[in-house]
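The values are calculated or read from the model by the stated rules, or taken from the named source; none is laboratory data. Remember, it's a predicted structure, so these values are computed and weren't measured experimentally. Note: ideal-geometry Cβ built from the backbone for every residue, glycine included; neighbour counts use all protein chains shown. For the accessible areas, the whole protein counts, side chains as well, though only heavy atoms, and no ligand, DNA or RNA atoms are used. Shrake-Rupley method; radii C 1.70, N 1.55, O 1.52, S 1.80 Å.
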Amino acid sequence: IYIHDNVINNIPIVGISGTFRNSRIVGNTITIPLNTGEHGIYVTNGSNNVVIENNKVTGPGRLLSVAAGIKLGSSSNVTIRNNTIDNANTAGILLAEPGSTNVLIENNNIIKTYSPGGGNGIYIHNGSGITVRNNTINGAQFIGIDVRVPSVVLDSNTITNSTYWAVDMNVTSSANAV
């Protein structure tokens with residue numbers, strides 16, 4: 001599946017969603033009305049070999065809902081790169097469901113995240129074999145990069161204007177490299 005160069009405006013829930021295999025999501029512009037939608041791009045459970053790149057996502061998120069610019073379900077071999085995410089609730093990029101493996105998050109630009117409880121630039125709640133490198137995060141309301149699992153590599157990220165922490169490694173393992 002190749003989803004490319006679409007303009008998606010004023011969608012009330014999710015801009016692009018599905019279970020993808022050997023797929024590319026490239027060059028799309030997604031605008032979700034503030035306080036109405038959930039995710040700009042949602043790669044659901046069971047996806048494999050997916051590249052998400054050069055997309056622009058603006059405004060995803062309900063104030064009382066978990067929402068993200070790009071959300072990854074339990075998936076493997078996923079690359080998220082060169083995307084711009086602006087004004088997202090909960091997280092710019094969110095890995096929340098167990099089972100994601102071999103994920104590369106690189107060269108993304110995340111601008112302003114918010115939430116009633118605080119918004120994170122990149123939030124890694126579950127997964128293994130995850131590399132986060134060369135991302136720029138500016139204006140996370142809570143944490144720039146929030147990591148809750150072991151075996152995550154953080155390399156050469158730039159984080160500015162986070163309200164609380166630049167990086168929070170809230171795990172019980174010493175297997176992380178920063």
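Can we say Gly99 is small (Gly, Ala, Ser) and buried (at least 16 other Cβ atoms within 10 Å of the Cβ)? No: the conditions fail for Gly99. Looking only at the stretch 101-138, residues that are at pLDDT 95 or above, part of a loop (DSSP other than H, G, I, E, B) and in contact with a Gly (Cβ under 8 Å, 6 or more places away or on another chain) come to 2 in all.
Tally up the residues in the stretch 8-37 that are over 15 Å from the mean Cα position of the chain (by Cα), within 16 Å of Thr90 (Cβ to Cβ) and surrounded by 16 or more Cβ atoms within 10 Å (Cβ to Cβ), please. Qualifying residue count, the stretch 8-37: 3.
Identify the residue in the stretch 123-149 that is open to solvent by 10 Å² or more (accessible area, probe 1.4 Å) and of a type in the set (S, T, N, Q) and, among all such residues, is farthest from Asn48 (Cα to Cα). Across the stretch 123-149, the extreme among qualifying residues is Gln141.
Among the residues of the stretch 154-177, count how many are modelled with pLDDT under 95 and within 24 Å of Glu97 (Cβ to Cβ). Qualifying residue count, the stretch 154-177: 11.
Every residue, every condition in (1) touching a Phe, Trp or Tyr at 6+ places or on another chain (Cβ under 8 Å); (2) under 24 Å from Ile13 (Cβ atoms); (3) crowded, with 17+ Cβ neighbours inside 10 Å, yes or no:
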{"position": "Leu95", "(1), (2), (3)": "yes, yes, yes"}
{"position": "Thr113", "(1), (2), (3)": "yes, yes, yes"}
{"position": "Gly121", "(1), (2), (3)": "no, yes, yes"}
{"position": "Ser151", "(1), (2), (3)": "no, no, no"}
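Quick check on the stretch 38-91: of everything there that is open to solvent by less than 10 Å² (accessible area, probe 1.4 Å), part of a strand (DSSP E or B) and farther than 18 Å from Ile11 by Cβ, which residue is modelled with the lowest pLDDT? So, considering only residues that are open to solvent by less than 10 Å² (accessible area, probe 1.4 Å), part of a strand (DSSP E or B) and farther than 18 Å from Ile11 by Cβ, the one modelled with the lowest pLDDT is Ala91.
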